[in-house]
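Here's the structure, in structure tokens; my notes come after.
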Amino acid sequence: MKYPNIYSLFRERVEHYRRRDAAEQPQGRAAFYFRQGVDWAGISWERFESEAHAFGCALLAGGLTRGASVCVLMGNVPEWPISDIGAISAGGIGVGLYPTSSAEQCQYIINHSDAEFVLVDTAHQLDKILSVRAQLPKVKAVIALDEAAAARNAPGVIGYQEFLRIGRAASEETQLLLRERAETAKPDDIAIMVYTSGTTGLPKGACLSHRYIINSVESLRQTIPIYDTDVSFSYLPYCHVAERISGLYNRLYAGASAYFVDDLTKLWEYMLDVRPTVFASLPRFFEKIHARVISDLEKAADEEQRGFHEALALGRRLSRLRQARETIAPELQAEYDERARPVLSRVNDYFGGRMRLATSGGAPLPFEITEFFDAAGIPILQAYGLTENICVAFNPPDNYKFGTVGPPMPGCEVELAEDGEILVRSDMMFSGYYKQPDKTAEALRDGWLLTGDIGEMDADRFLKITGRKKELIVMSTGKNVAPALIENLLREHHLISHALVYGEGRSYLVALVTLNPLEAEAHARARGLSYEDFADLTRNQQMLALVREIVERVNSRVSSSEAVKKFLVLDRDFQIEADEVTPTMKVKRNVVTERYGELIHSMYA
């Protein structure tokens, strides 16, 4: 650990870039950029420090207890990291709330985390908190970024700018306390709390220390380093551990600029405008890019289409040789560089043309998508981590394998138990679940984290995730089956969005399947299929035949007891709003199984 705590890292970075900006060698760049009208406005490192300091002083002036939580219910805006650093500096604990959470879900986390302050961005989020305000006894103030909403004079609500003014006015009285709390924070003190997504019950608050955060970032930097010349987006939820650690704190450590996406529907437009060099996302986004490339190609002249597919075929040859760990002949590489690379560069243009590093996590990336981008010269590096230990495994840029999440990361030990459960031990481990010692004891044993995930490790120690231990299906035949393995194989095809495999107490497996709307509609257009709406498309016989082919291909890759004998395609995808998937798009198996119980049981009739 190069730094003893978050504040020391923050102060060092601010001083470094303040000196650089003053010297204009090179021309200073902002810490953050946000959308202001039709342009991007920057927030300097100096302003970042000033607002974080004022926010922390205001918390202290408002009576923040050391070790108390500050909950943030906001989208990705500069005030998110500003308030996070401010809260940590004041001796508080930063806790994120998913913007999609219901009022009841917010109430649970605010109370469970013992939060004393809540920060919201919009009038909608403020109304959500006010609807349960009477049930939040420990909250001392609600801070609203939307000044108009704050001006409605609801009791206990204050505008963000007014809150900063209070902090600046109280600076003389509170800055010594702020500095003392910030500088004396020990490596094992809790800095942030991240609540698990709650696929099987109430969310658990994972306590993450200064040691956890800094060691995790240093492990990331040894695996996939980013630099202060890099440009990236911030649009994945900050309340999720991946964006908090590999996004916010990784960028802070590197001094890299972040562009905040205020409207996800404009991500494509912003991509072409900002032209990022580093892009971290979920599989769904890469599937959308793939669908758009193919859709645009279908509109091109026949000769152009042939040229692209010939170049792609050559790229796939190289990709498969790399995956087989075979030598690529110099003349073959030269042919790719001369004939294929210029043609395939159009794929990078969809990211803005400067992409040097792309990563994906949260779910397996479909094989067809993985190979497509790799053939086009944009390997998408897949990783594996948990809230409890974010840095477990990662595919490095110079040595990656499809279908795996890479080898163990620096500073992390990974072993497999006799039953295949993945065990992790590192200095990046969480400190336990807040107020739940029994759950903590279940997760930790002799210094090892019991992840609950089942995996395999090849001879090169590349890890592959094959299922969840608690989700094992016990069939009437006595066979135990990991449904996630089969579900992930189904999702390897870009047409499949989600799959839920069922078979508890039964003699064979069945599956509910949902289609990826963009990919399904692109497929239908390319083949001239007529349909009234998406629900109608899911019933199209040619589309169902294609899904049947996908299922049969998966069945050929697993044992007979793991084969899916029957399936049904639902007329819509699973939705967060319907409580069928978590904010991180993990299927809530118990909810879906109960909601679609009649359909599932009809496949056993």
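The values are calculated or read from the model by the stated rules, or taken from the named source; none is laboratory data. The shown structure was predicted, so the numbers you read here are calculated from the model rather than taken from an experiment. FYI the Cβ positions are ideal-geometry reconstructions off the backbone, even for glycines, and counts take in every protein chain you see. Just the protein is used for accessible areas: all its heavy atoms, side chains included, with ligands, DNA and RNA removed. Shrake-Rupley method; radii C 1.70, N 1.55, O 1.52, S 1.80 Å.
Here are the numbers:
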{"read-out": "Among (1) surrounded by fewer than 21 Cβ atoms within 10 Å (Cβ to Cβ); (2) more than 25 Å from residue 1 (Cα to Cα), the one test that residue 425 misses", "value": "(2)"}
{"read-out": "Any hit, region 356-379, residues being among the aromatic types (Phe, Trp, Tyr), out of contact with any helix residue (DSSP H, G or I) (no Cβ under 7 Å at 6 or more places or on another chain) and surrounded by fewer than 19 Cβ atoms within 10 Å (Cβ to Cβ)", "value": "yes"}
{"read-out": "Residue in region 463-484 that is closer than 17 Å to residue 395 by Cβ, of a type in the set (Asp, Glu) and open to solvent by 10 Å² or more (accessible area, probe 1.4 Å) present", "value": "no"}
{"read-out": "Check on residue 154, at pLDDT below 95, over 30 Å from residue 410 (Cα atoms) and either assigned to a helix (DSSP H, G or I) or touching a Leu at 6+ places or on another chain (Cβ under 9 Å) (or both)", "value": "yes"}
{"read-out": "Any hit, region 507-522, residues being over 18 Å from residue 287 (Cα atoms), open to solvent by 30 Å² or more (accessible area, probe 1.4 Å) and either modelled with pLDDT of 90 or more or of a type in the set (A, V, I, L, M) (or both)", "value": "yes"}
{"read-out": "Odd one out for residue 124, checked against (1) modelled with pLDDT of 95 or more; (2) open to solvent by less than 60 Å² (accessible area, probe 1.4 Å); (3) not charged (D, E, K, R)", "value": "(2)"}
{"read-out": "Filter result for residue 218 (assigned to a helix (DSSP H, G or I) and either free of Cβ contacts under 8 Å to residues at least 24 places away in the same chain or open to solvent by less than 10 Å² (accessible area, probe 1.4 Å) (or both))", "value": "no"}
{"read-out": "Enumeration of residues in region 390-403 that are within 22 Å of the chain's Cα centre (by Cα) and surrounded by fewer than 23 Cβ atoms within 10 Å (Cβ to Cβ)", "value": "396, 397, 400, 401, 402, 403"}
{"read-out": "Count of region 224-278 residues which are over 23 Å from residue 393 (Cβ atoms), assigned to a helix (DSSP H, G or I) and modelled with pLDDT of 90 or more", "value": "9"}
{"read-out": "Close pairs (6 angstrom Cβ cut-off, 6 or more residues apart or separate chains): at pLDDT 95 or above in region 86-102, assigned to a loop (DSSP other than H, G, I, E, B) and of a type in the set (A, V, I, L, M) anywhere", "value": "90/64; 92/64; 92/68"}
{"read-out": "Meets criteria (within 20 Å of residue 159 (Cβ to Cβ), charged (D, E, K, R) and open to solvent by 60 Å² or more (accessible area, probe 1.4 Å)) for residue 47", "value": "yes"}
{"read-out": "Qualifying helices (runs of 4 or more DSSP H) (wholly inside region 532-605; at least 2 residues being free of Cβ contacts under 8 Å to residues at least 12 places away in the same chain and open to solvent by 70 Å² or more (accessible area, probe 1.4 Å))", "value": "541-555, 597-602"}
{"read-out": "Residue match in region 11-20 (condition: under 30 Å from residue 187 (Cα atoms), modelled with pLDDT under 85 and open to solvent by less than 60 Å² (accessible area, probe 1.4 Å))", "value": "yes"}
{"read-out": "Tally, over region 323-365, of residues that are in contact (Cβ under 8 Å) with a residue 24 or more places away in the chain and either within 28 Å of residue 458 (Cβ to Cβ) or in a loop (DSSP other than H, G, I, E, B) (or both)", "value": "17"}
{"read-out": "Single residue of region 279-297 satisfying the filter (open to solvent by less than 20 Å² (accessible area, probe 1.4 Å) and outside any helix (DSSP H, G or I)) that is modelled with the lowest pLDDT", "value": "281"}
{"read-out": "Residue identified as free of Cβ contacts under 8 Å to residues at least 60 places away in the same chain, out of contact with any His (no Cβ under 7 Å at 6 or more places or on another chain) and among the aliphatic types (A, V, I, L, M) among 254, 280, 258", "value": "254"}
